[in-house]
Amino acid sequence: MAEYIYTARDGVHVFDLTITADLLDKACEYVRDTVASGREVVLIGTKRQAKAIVREEAAKAGAPFVAERWLGGTLTNWDEIGKRIRKLVEMKAKKEAGEYKKYTKKENVLIDKDINRLERFLGGISRLKEIPEALFIVDTLKEKAAVLEAVSCGVKVVAIVDSNCDPDPIDYPIPANDDAVRSIKYIVSRIATAYAEGKAVADKRKAQSEKVKAKDQGNKVTK
């Protein structure tokens with residue numbers, strides 16, 4: 001991390017904020033372009049200082065997120081995780097449709113427990129259909145397992161890297177304090193905003209594409 005440090009005072013490392021600002025801009029640009037192209041970026045922050053911030057900012061941007069605990073195999077065993085996600089979506093749909101009313105009270109208690117357990121760990125990524133293109137990680141030491149899985153699967157990693165972290169496995173490092181709430185809030189907010197901007201572009205392109213398809217189908221019917 002030496003290249004990102006401006007100085008050290010009383011044993012405390014001070015980041016070169018010019019470098020941090022530049023790398024944050026590059027990270028945001030990558031996230032924006034990735035989402036605009038129709039691919040996904042998952043926001044991850046499970047530490048106490050980060051989880052509420054990640055939930056809030058991801059909700060605003062409409063981004064997938066993990067704020068409770070990274071489940072081992074989320075990337076490397078995606079087939080199994082995908083099955084659990086589909087189970088969650090199916091169970092929630094059935095409950096909403098009232099299909100569980102025919103079961104006993106005890107059975108419904110067990111069903112609710114199952115839904116809540118799946119929602120707790122997979123609710124934030126329940127709309128993913130495939131392995132995401134990239135992960136944004138608040139603390140690479142805390143989320144070491146996620147970093148290792150991403151590297152193994154060729155998934156890009158955007159992350160806040162503190163002075164005690166190894167930036168080598170990170171594709172888009174953002175050198176900053178990953179413990180201070182204000183630092184986390186500012187960076188996560190910037191990344192979430194970039195995600196939202198990319199999503200707006202992707203949605204616009206999708207709407208235009210569907211409009212063209214509908215027009216072509218109409219012309220074929222007319223002919």
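Each reported figure results from applying straightforward, stated rules to the coordinates on display, with no laboratory input. Here the structure is a predicted model, which means the values were calculated and not measured. Methodologically, a virtual Cβ is constructed for each residue, glycine included, from the backbone with ideal geometry; neighbour enumeration extends over all protein chains shown.
For this structure, a couple of remarks:
- Each residue of the stretch 160-176 was assigned a 3J(HN,Hα) from its phi angle through the Karplus curve 6.51 cos²θ - 1.76 cosθ + 1.60 (θ = phi - 60°); the sequence is 6, 10, 7, 5, 9, 9, 9, x, 4, x, 8, 6, 10, x, 10, x, 6 Hz, with glycine and proline shown as x.
- Computed packing ranks the peptides 33-41, 177-185, 104-112 as 33-41, 177-185, 104-112, most packed first, by mean other Cβ atoms within 10 Å.
- Net charge of Cβ neighbours under 10 Å - reference Met91; Lys, Arg +1; Asp, Glu -1: -1
- Gain in span if fully extended, Leu148 to Asp171, counting 0.36 nm per residue against the direct Cα distance: 7.0 nm
- Compared with the dominant Cα axis of the chain, that is its longest principal axis, helix 48-61 is turned about 50°.
- For the residue pairs Lys83/Lys204; Lys26/Lys156; Lys47/Lys95; Lys60/Lys185; Lys129/Lys206; Lys83/Lys105, the C-alpha atoms sit more than 20 angstrom apart in Lys83/Lys204; Lys47/Lys95; Lys83/Lys105.
- For the stretch 76-130, with +1 on Lys and Arg beta carbons and -1 on Asp and Glu, the positive-most of Asn116, Gly82, Ser126 along the dipole: Asn116
- Look at (1) 35, 26, 14; (2) 38, 33, 14; (3) 41, 22, 15: the one that is semi-axes √(5λ) of the Cα gyration tensor in Å derived from this structure is (1).
- Formal net charge of residues neighbouring Leu110 (Cβ-Cβ distance under 13 Å; K, R +1; D, E -1): +2
- Under-5 Å amide H pairs with Phe15, H placed in peptide plane, nonlocal only: Tyr6
- Residues whose amide H comes within less than 5 Å of that of Leu43, counting only those at least five positions distant or on another chain, are Phe65, Val66, Phe136 (H built at 1.01 Å from N in the peptide plane).
- The stretch 76-130 - charge dipole about Cα centre, Lys and Arg +1 at Cβ, Asp and Glu -1, debye rounded to 20: 200 debye
- Considering only the chain, percent of DSSP beta bridges that pair antiparallel, nearest 5: 20 percent
- Helix 78-96 axis versus longest C-alpha principal axis of the chain: approximately 50°, rounded to the nearest ten.
- Crossing angle, helix 105-122 versus the chain [Cα axis fit, 0-90 degrees, rounded to tens]: 40 degrees
- For Val161, the residues whose modelled amide H falls within less than 5 Å of its own, excluding neighbours fewer than 5 places apart on the same chain, are Ile174, Ala176.
- Dipole magnitude for the chain: computed about the Cα centre from +1 point charges on Lys and Arg Cβ and -1 point charges on Asp and Glu Cβ, it is near 1720 debye.
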